[in-house]
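Down below is the structure, laid out as structure tokens.
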Amino acid sequence: MGLYQAGITGIGSCLPEKVLTNFDLEKIVDTSDEWIRTRSGIEKRRIVEDNQATSDIAIEAARRAIEDAGIQPEELDLIICATVTPDYLFPATACLLQDRLGAKNAAAFDMEAGCSGFVYGLSIATQFIRTGCYQKILVIGAETLSKIMNWKDRATCVLFGDGAGAVIVERVDTGGIVGVHLGSDGAGGVFLDMPAGGSKQPASKVSVEEDQHYIRMDGSQVFRFAVKVMGKAAEEVLKMAGWTSEDIDLMIPHQANIRIIDSAAKRLNLPSDKVFVNLPKYGNTSSASIPIALDEAFHSGKIKKGDKVILVGFGAGLTWAAAAIEWTKE
Ligand code: UT7
């Protein structure tokens, strides 16, 4: 523990308006609503318009979080944007947001830890607040996964959606973010990646013709990994916070697959009313899934001051991340 406690003081999210249902997907690839629902738990997802980039939904989520915290953009010291679908490889999407928000006193950077990105970002913000280095930090998880989706690949295109969520992290008197646990296993990186567009395989006519600029995933390998790490990461962070699973008021897991969420809940002995799920509505929005769920949970009254909340995710890298939060926001 450092000098100060860090807590979440504002939350917001933004979901694109356009809805793509499982039945819509039946017309695009060889799949069925029944397969998607029973294998993943997803019923529909939101998709941005062609002219919308990640920053266009991230900014709405950020504005809502800033307003919710009752602060001004000029008060921000730092903006961290977790995303695997930045507007550009560079400049950072966080810098685009810094400019559009008018956050003229903020440093800004993007970070990428797959679907664990938001919790990684939250942990970075926590360290800056604990040391007293910064006072007000905006952490965003935002994705337009539809832009890197191979709409001919039924094994991936039925799973993902677009969205953005954001929080403000500030100093609090007691409680707040009382534990963070991060991990990685780079040997599993090949199971979930986007092969081209980086320095290993720069964009070329061939890379485009060979569909190398899309998400590529070995679903069953990622599934096995996720089942293994979700419960374990939650247990690690519980230990760090000095809590047991009985203390948990609400767990907010990464929304990827209902079977993965159920297995983590089972390992922790958590009844279903203590596990927040909005996966059927939005699908897997990668680094945006946890802050979107947190926003819905808080603003629908499912989290109250004093509650013990666990965030836990896994994703490309491979990575995992968990946070224990004693809720301080009224
Ligand atoms: O944020 C992290 C991102 N990734 C994940 O969370 C993914 C984790 N993995 C999963 O969620 C699951 O592995 C999937 C939902 C992707 C797949 O479920 P599964 O129970 O592991 O199915 P499977 O991959 O073993 O495929 C079963 C069958 C296959 O057919 P055969 O070989 O048994 O004849 C697939 O070809 O289902 C077929 N299949 C489909 N059928 C209809 C795969 N995708 C589809 C589809 N519609 N969309």
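The table for this structure:
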| quantity | calculated |
| --- | --- |
| Rounded to whole Hz, the Karplus (6.51, -1.76, 1.60) HN-Hα couplings of the range 23-35, x for glycine and proline | 5, 4, 5, 4, 7, 9, 10, 7, 8, 9, 4, 4, 4 |
| In the range 172-268, GluC sites (Glu not before Pro) in a DSSP loop with at most 14 other beta-carbon atoms within 10 Å | Glu210 |
| Rounded FRET efficiency, nearest 0.05, which uses the C-beta distance separating Val206 from Gln72 and R0 of 30 Å | 0.05 |
| 25 Å Cα-Cα reach of Lys228 towards lysines, excluding residues that sit fewer than 8 places from it in its own chain | Lys239, Lys266, Lys274, Lys308 |
| Reachable lysines, given that their alpha-carbon falls under 16 Å from the alpha-carbon of Lys152 and they are not under 8 places away in the same chain | Lys27 |
| Residues in the range 184-223 that a label on Arg259 would reach, taking backbone N under 13 Å of a point 7 Å out along Cα→Cβ | 219-223 |
| FRET efficiency estimate (nearest 0.05) - Cβ-Cβ, Lys304 to Asp153, R0 45 angstrom | 0.60 |
| In order through the range 304-315: 3J(HN,Hα) via Karplus (6.51 cos²θ - 1.76 cosθ + 1.60), integer Hz, x for Gly, Pro | 10, 3, x, 5, 9, 10, 10, 9, 8, x, 8, x |
| MRE, 222 nm, helices only [DSSP H, n ≥ 4, -39500 (n - 2.57), over the chain, to nearest 500] | -9500 deg cm²/dmol |
| Local electrostatic count, Ile215, Cβ distance below 15 Å [Lys/Arg +1, Asp/Glu -1] | -3 |
| Gain upon complete extension [Trp35, Glu17; 0.36 nm per residue less C-alpha separation] | 4.0 nm |
| Sequence-distant residues sharing a close amide H with Ala107 (under 5 Å, placed H) | Leu78, Ile79 |
| Backbone HN-Hα couplings from phi across the range 259-269 [Karplus 6.51/-1.76/1.60, Hz, Gly and Pro as x] | 6, 5, 4, 4, 5, 5, 4, 5, 4, 8, 6 |
| R0 of 45 Å, Cβ-Cβ distance Met240-Asn105: FRET efficiency to nearest 0.05 | 0.90 |
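Values quoted throughout were computed directly from the atomic coordinates according to the rules given, and no laboratory measurement underlies them. This structure is a prediction, so every number in the text was calculated from the model and none was measured. Cβ atoms come from the backbone with ideal geometry, glycine included; neighbour counts cover every protein chain shown.
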